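K.L.:
Below is a structure I'd like to ask you about.
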Amino acid sequence: MKKFKVLLLFAAMMFALTGCQGISNAVAEEPSEETVPVLEGHDLMIYCGAGMTNPFEEITQLYKDKTGCEMNVTYANAGQIQSQINTAQEGDLFIAASADELVPVQDVVTRSENLVLHIPVLAVQKGNPLNITGLSDLVRDDIRMVLGDGESVPVGKIANKALADAQIAGQVNVVATLTTAPALATALESDEADATIIWKENAKSLSIVESPEMDKYIKTVVAASLEYSQDDEAVENFLEFLDSDDAKNIWTKNGYEIAE
């Protein structure tokens, strides 16, 4: 009888050990959480509008940290980027201020994705010392304006259209025409001008005049892939990353609104 009990105890211990090993193996065999593919040795050449420098630098640095992919980004105005794409015939992606900016390079665009809204605003010096209430006030003699270049800067084209639609083009005191949106903000900060039409995200140090008449000029930032790309895997993966919460949070933190 005693021998029988010993055998039962031994069998129970073996069963327990076998069961534990099975559980251990089952846990070990569970698939790990999905991670961003490692892209060490890959690199992307990207063109990006200068007005989006701050958020896009943060986005590309985060992507590089996560994947190891080298990110070579050229920041410039749309005219300069379009010229470089057509002349150099190289590059993977163009982050454009609006779909309109893809027209001069449309023959080499293979795909485009909407990213965020680009919202133009009437901006004035901090505190609005001249009490500017809308576009119609811009004809006053005491108001100095700076505008983006209407040929190469997307927000400059919008400004010209807004002034023309308000029937005040040619009546405002334009003291300078500049080639990037950040430069417009700097001109107001340094008291070189009193008002400008600029992207909302570039007006953080300024005051924005609530002007519903500007709503019709809202654009959508797009990411366009180019036929010159030699790395479809990295392009596709980065486009997916741009649609991630990580990227969207960076855009919104910098004052953008996510496009539907």
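K.L.:
SER229: of a type in the set (S, T, N, Q), at pLDDT 95 or above, assigned to a loop (DSSP other than H, G, I, E, B) and assigned by TED's automatic domain parsing to the domain that holds GLN89, yes or no?
P.N.:
For SER229, the condition - of a type in the set (S, T, N, Q), at pLDDT 95 or above, assigned to a loop (DSSP other than H, G, I, E, B) and assigned by TED's automatic domain parsing to the domain that holds GLN89 - is met.
K.L.:
Let me ask you something else. Here are VAL235, VAL146, VAL139, VAL172: which of them is in the same structural domain as GLY91 (by TED's automatic domain parsing), at pLDDT 95 or above and surrounded by 14 or more Cβ atoms within 10 Å (Cβ to Cβ)?
P.N.:
Values: VAL146 fails: in the same structural domain as GLY91 (by TED's automatic domain parsing); VAL139 fails: in the same structural domain as GLY91 (by TED's automatic domain parsing); VAL172 fails: in the same structural domain as GLY91 (by TED's automatic domain parsing).
Testing whether each residue is in the same structural domain as GLY91 (by TED's automatic domain parsing), at pLDDT 95 or above and surrounded by 14 or more Cβ atoms within 10 Å (Cβ to Cβ) leaves just VAL235.
K.L.:
Quick one: is GLU233 more than 19 Å from CYS48 (Cβ to Cβ) and in contact with a His (Cβ under 8 Å, 6 or more places away or on another chain)?
P.N.:
Spelling it out, GLU233 is indeed more than 19 Å from CYS48 (Cβ to Cβ) and in contact with a His (Cβ under 8 Å, 6 or more places away or on another chain).
K.L.:
Scan (1) of a type outside the set (Asp, Glu); (2) in a helix (DSSP H, G or I); (3) at pLDDT 95 or above; (4) more than 20 Å from ASP215 (Cβ to Cβ) for the single condition PRO182 breaks and write down its number.
P.N.:
Just one mismatch for PRO182, condition (3).
K.L.:
Can you tell me which residue in the range 187-210 is nearest to the chain's Cα centre (by Cα), limited to those that are crowded, with 18+ Cβ neighbours inside 10 Å and part of a loop (DSSP other than H, G, I, E, B)?
P.N.:
Among those residues, the one meeting the criterion is ALA203.
K.L.:
Within the set of pairs 6+ apart or on separate chains, which have a first residue in the range 143-157 that is in contact (Cβ under 8 Å) with a residue 60 or more places away in the chain, a second that is assigned to a loop (DSSP other than H, G, I, E, B) and among the small types (Gly, Ala, Ser), and C-beta atoms under 8 Å apart?
P.N.:
The qualifying pairs are PRO154/ALA97; PRO154/SER98; VAL155/ALA97.
K.L.:
Against the definition (farther than 22 Å from MET145 by Cα, in contact (Cβ under 8 Å) with a residue 60 or more places away in the chain and among the small types (Gly, Ala, Ser)), how does ALA195 come out, yes or no?
P.N.:
no
K.L.:
Still on this structure, please answer the following. For the range 118-130, state whether one or more residues are at pLDDT 95 or above and part of a helix (DSSP H, G or I).
P.N.:
No, there is no match, as no residue in the range 118-130 is at pLDDT 95 or above and part of a helix (DSSP H, G or I).
The values are calculated or read from the model by the stated rules, or taken from the named source; none is laboratory data. Remember, it's a predicted structure, so these values are computed and weren't measured experimentally. Note that we place each Cβ from the backbone using ideal geometry, even for glycine, and neighbour counts take in every protein chain shown.
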